[in-house]
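Asker: Submitted below is the structure of interest, expressed as structure tokens.
Just so it is clear, none of the values below were taken in a lab; they were calculated from the coordinates. What you see is a predicted model; the values in this text were computed from it and never measured. Don't worry about glycine lacking a Cβ; one is built from the backbone with ideal geometry, like all the others, and counts go over all protein chains shown.
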Amino acid sequence: MEINAGSKTADPAGGQASGKTLRSLHQFMDQSPHPYAVRLYSGKLELMETQTIEGRRYWLLNLPYFLAGRLNDYVGWMVEQLADKRNLSIIQTLQEKL
């Protein structure tokens, strides 16, 4: 089951992020205007870059069920982490060119 919460997606399903069991999420992300998805599941908190079956890369926040009530907080955290990562990448690229 997919839930479109504003411009973010939550997929409360079990399975691995490798693609076989997240097929509907991958299909949704192929059409999504943003590169962020959230999966509610019974595993550990994890932020990972993955790709759809069609090859589109996106960021997946695996959020344990018990943190579902703090979904907005963790989506904000994810966006901050990725902004920091992009800024660091830009700085590193500029330093390499100098």
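Asker: Could I have the simple spin-label model distance between Arg70 and Ser42, label points 7 Å from Cα toward Cβ, reported in nm to one decimal?
Answerer: 2.2 nm
Asker: As an exercise, identify the GluC sites (Glu not before Pro) in the stretch 22-65 lying in DSSP coil whose Cβ has no more than 16 other Cβ atoms within 10 Å.
Answerer: Sites meeting the loop and neighbour criteria: Glu54.
Asker: Relative to the present Cα-Cα distance, how much length would full extension add between Arg57 and Ala83 at 0.36 nm per residue of separation?
Answerer: 7.8 nm
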